[in-house]
Each structure stands twice: as C-alpha cells, then as structure tokens.
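A.B. asks: Here you go, one structure.
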Amino acid sequence: MIESLHSPHVARVKALIGSKGAKERREQGLFAAEGVQCAREALTSTSGPQLKLLYGTETGLSKISELDLSSVEIVEVSDAVMKAMSDTVSPQGLISLCYKPDSDFAELSATGSSRFIYLHEIQDPGNAGTILRTADAMGSSAVITSPDSVDMYSPKVVRATAGSLWHIPVFEGITFNRVDKQFPSIARYLLSSHATKSILDISVSGDCIAIFGNEARGVDAAALGASVTEVTIPMAGRAESLNLSAAASIVMFTLSSKVAG
C-alpha cells in the first residue's frame, strides 16, 4: 500500500488533473477518472476508454468487489494519499487511469438515422459533461467538439458524464468545415436565441446534427461556413433563457423522438 504523499504516483495523478492537465493528458495519452461509476465503466466497457491501472483505498475497492479484478493492475493507497490525488472534496476511494481513445474522425460514418452533436467552443465542463451524458441517454451517435472547446477528458467533464464517456464516441478539435465536407447532405440544426423557427415544427428524416454554441456568445451561423437551420425552443414562462445543457437536452430529446418516429 502506498502511504507516502511524496510518491511518484501522487505526482502523476495530480499532473493529469491539475491546472496544466490538458498538456499532460495530451502528452501522456492518459486521463484520470474518479469515482465508483467511472471505475465500473472502465473495468467493464469494451468500446470506451481502456483502463491502464486502478488506484483504490481499501474502502473504495470494496465497492467494486463483485467485479473480476484479477487481470487489472491495482495500486492500493491510503485514505490520505487518495485525498491528495483527488480533485473532489469527498473522494469515493477510486481513481481510474485510462488511455485517451485514439479516435479517427475520418472513420465516423452516418447510418441514415445518425444523430450527431456538435459543440462549438463550449467552455463550461459541467455543461459539456451533462450534454454528453444526455446524448448517450438519447441514443446519439457521437459527440464532436470544435477547436477551443473544453477538454472532454478534464476531471470535471469526466465526472459530469457519470460514466457516459464510455458509451458514446467523442471527437475533439474538429472544425465544422470538416464536418460539412464529411457529411455534405446531413440536416443541420443550430440552436439560436435569434431563430424564429421552433424546434417543434421541424420535420426530420435521415441523418441530422444538432449544433450548440458557446455559453456566452452562442455561434453565428455564418461563421460555421455551411448551411444550417436555426431553431429555438418556445418558452411559455417568463424565464429569459435556459442553461445551455438544459436547452441542449430539450433539443436532443425532440430530435431523438422525431428521428425515431
């Protein structure tokens, strides 16, 4: 068991979750995922990010005792070491060190009923993680992010996905121009506060992509360099606007039901 706060293991994990974590994650090809749910997904998933090793306290490991850990590299640590490694106030006693998927966007294909999600310069980790989690729940085919969007493997994003990061493909740093070239005939729906067309009034057939812009600035349709249909969410109440992840959830549910129908 590791009990020293000066262990290289502590430094390694802290580097991946610290302020310069994006650079470390990119260079090492690894990310850290905290918690029981992420550990379960990392241990059982065959398609998502693969597990390199698992850090766990005695209590943390007991929470996944029903899983077969015989082929897993486990590093047991003390409660104090886990707390030093953790990015959370109340650690659950498990940190999974996983390989970042080497996803090739060129290999992503549309099936005729694909639902893609495109995040344009999204900055808030909670929003990004929640949108990915909802995309998973709604049966979306992939989540694609633009350059200058939040790192989808940062600790807060990973935590907000609640394990869905292992269920749906993620492609980072993809310009919309590249999306347009790869899927020239796909239906494109941009959520915009300036739109006059309700999301409820569109008719969807075939592949489609929902586009969500920056929390503060949104996204100018012209800046995407491709033809899009701007849509809005009708609101009967007095709220001026919705949180991005809440609005995205409504759009994804609506598109999912229309495509499914």
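A.B. asks: In the range 193-212, how many are outside any strand (DSSP E or B) and loosely packed, with under 13 Cβ neighbours inside 10 Å?
C.D. replies: Taking the range 193-212 as the starting set, the residues that turn out to be outside any strand (DSSP E or B) are 193-197, 199-207.
Restricting the remaining residues to those that are loosely packed, with under 13 Cβ neighbours inside 10 Å gives 194, 196, 200-201, 203, 205.
Total satisfying the criteria: 6.
A.B. asks: Contact list please: Cβ distance under 6 Å, first residue in the range 190-202 and on the phi < 0 side of the Ramachandran plot, second residue in a loop (DSSP other than H, G, I, E, B) and buried (at least 16 other Cβ atoms within 10 Å of the Cβ), pairs at least six apart or on different chains.
C.D. replies: Close Cβ pairs satisfying both conditions: Leu190/Val228; Ile199/Ile233.
A.B. asks: Also, quick follow-up: Name the single residue, out of those in the range 213-255 being surrounded by 20 or more Cβ atoms within 10 Å (Cβ to Cβ) and among the polar types (S, T, N, Q), that is farthest from Ile122 (Cα to Cα).
C.D. replies: Thr254
A.B. asks: Here's something else I'd like to know. Cβ-Cβ under 6 Å, sequence separation 6+ or interchain: first residue in the range 1-20 and surrounded by 13 or more Cβ atoms within 10 Å (Cβ to Cβ), partner in a loop (DSSP other than H, G, I, E, B). Which pairs?
C.D. replies: Ile17/Asp87
A.B. asks: Filter the range 66-113 down to residues that are touching a strand residue (DSSP E or B) at 6+ places or on another chain (Cβ under 8 Å) and among the β-branched types (Val, Ile, Thr) and give me whichever is farthest from Glu34 (Cα to Cα).
C.D. replies: Val72
A.B. asks: Looking at (1) assigned to a loop (DSSP other than H, G, I, E, B); (2) closer than 18 Å to Met138 by Cα, which is the one condition that is false for Ser227?
C.D. replies: Here Ser227 clears every test but (2).
A.B. asks: In addition: Go through the range 156-189 and give me each residue that's in a helix (DSSP H, G or I), more than 25 Å from Leu97 (Cα to Cα) and touching a residue at least 24 places away in the same chain (Cβ under 8 Å). Give the derivation first.
C.D. replies: Of all residues in the range 156-189, those in a helix (DSSP H, G or I) come to 156-161, 164-166, 176-182.
From what is left, the residues that are more than 25 Å from Leu97 (Cα to Cα) are 176-182.
Within the range 156-189, Phe176, Asn177, Arg178, Val179, Asp180, Gln182 meet the criteria.
A.B. asks: Now a separate question. Restricting the first residue to the range 233-247 and requiring it to be aromatic (Phe, Trp, Tyr), which pairs with a second residue that is surrounded by fewer than 10 Cβ atoms within 10 Å (Cβ to Cβ) and part of a loop (DSSP other than H, G, I, E, B) meet a Cβ separation below 8 Å and a spacing of at least six or different chains?
C.D. replies: Nothing qualifies.
A.B. asks: Can I ask one more? From the residues in the range 46-65 that are of a type in the set (Ser, Thr, Tyr) and assigned to a loop (DSSP other than H, G, I, E, B), which one is nearest to Gly35 (Cα to Cα)? Break it down into steps so the answer makes sense when it comes.
C.D. replies: First pass over the range 46-65, keeping only residues of a type in the set (Ser, Thr, Tyr): 46-47, 55, 57, 59, 62, 65.
Now restrict to residues that are assigned to a loop (DSSP other than H, G, I, E, B): 46-47, 57, 65.
Values: Thr46: 19, Ser47: 19, Thr57: 12, Ser65: 14 Å.
So, considering only residues that are of a type in the set (Ser, Thr, Tyr) and assigned to a loop (DSSP other than H, G, I, E, B), the one nearest to Gly35 (Cα to Cα) is Thr57.
A.B. asks: Which condition number in (1) outside any helix (DSSP H, G or I); (2) under 23 Å from the mean Cα position of the chain (by Cα); (3) more than 30 Å from Leu16 (Cα to Cα) is the one that Tyr153 fails?
C.D. replies: (3)
A.B. asks: Also, quick follow-up: Please give the number of the condition Arg40 fails out of (1) touching a residue at least 60 places away in the same chain (Cβ under 8 Å); (2) surrounded by fewer than 17 Cβ atoms within 10 Å (Cβ to Cβ); (3) basic (Lys, Arg).
C.D. replies: Going through (1) touching a residue at least 60 places away in the same chain (Cβ under 8 Å); (2) surrounded by fewer than 17 Cβ atoms within 10 Å (Cβ to Cβ); (3) basic (Lys, Arg) one by one, Arg40 breaks only (2).
A.B. asks: When the range 97-129 is examined, which residues are found to be touching a Phe, Trp or Tyr at 6+ places or on another chain (Cβ under 8 Å), more than 21 Å from Val228 (Cα to Cα) and surrounded by 19 or more Cβ atoms within 10 Å (Cβ to Cβ)?
C.D. replies: Scanning the range 97-129 gives Leu97, Cys98.
A.B. asks: Let me ask something else. Picking from Leu61, Leu132, which residue would you name as being closer than 30 Å to Glu230 by Cβ and modelled with pLDDT of 95 or more? Let's see the steps before the verdict.
C.D. replies: Working: Leu61 fails: closer than 30 Å to Glu230 by Cβ.
That would be Leu132, the only listed residue that is closer than 30 Å to Glu230 by Cβ and modelled with pLDDT of 95 or more.
A.B. asks: Looking at Gln37, Gln50, which one is within 24 Å of the chain's Cα centre (by Cα), assigned by TED's automatic domain parsing to the domain that holds Asp87 and within 19 Å of Asp87 (Cβ to Cβ)?
C.D. replies: Numbers: Gln50 fails: within 19 Å of Asp87 (Cβ to Cβ).
Checking each option against the conditions leaves just Gln37.
A.B. asks: Now, a different point. Test Val170 against the stated conditions and say whether it is touching a helix residue (DSSP H, G or I) at 6+ places or on another chain (Cβ under 9 Å) and either modelled with pLDDT of 95 or more or over 30 Å from Arg26 (Cα atoms) (or both). Even if it seems obvious, please write down each step before you answer.
C.D. replies: Details: touching a helix residue (DSSP H, G or I) at 6+ places or on another chain (Cβ under 9 Å): yes; either modelled with pLDDT of 95 or more or over 30 Å from Arg26 (Cα atoms) (or both): yes.
Against the criterion (touching a helix residue (DSSP H, G or I) at 6+ places or on another chain (Cβ under 9 Å) and either modelled with pLDDT of 95 or more or over 30 Å from Arg26 (Cα atoms) (or both)), Val170 qualifies.
The values are calculated or read from the model by the stated rules, or taken from the named source; none is laboratory data. Everything numeric here is computed off the predicted structure, so don't read it as measured data. Ideal geometry is used to build each Cβ from the backbone, glycine not excepted, and the neighbour counts take in all protein chains shown.
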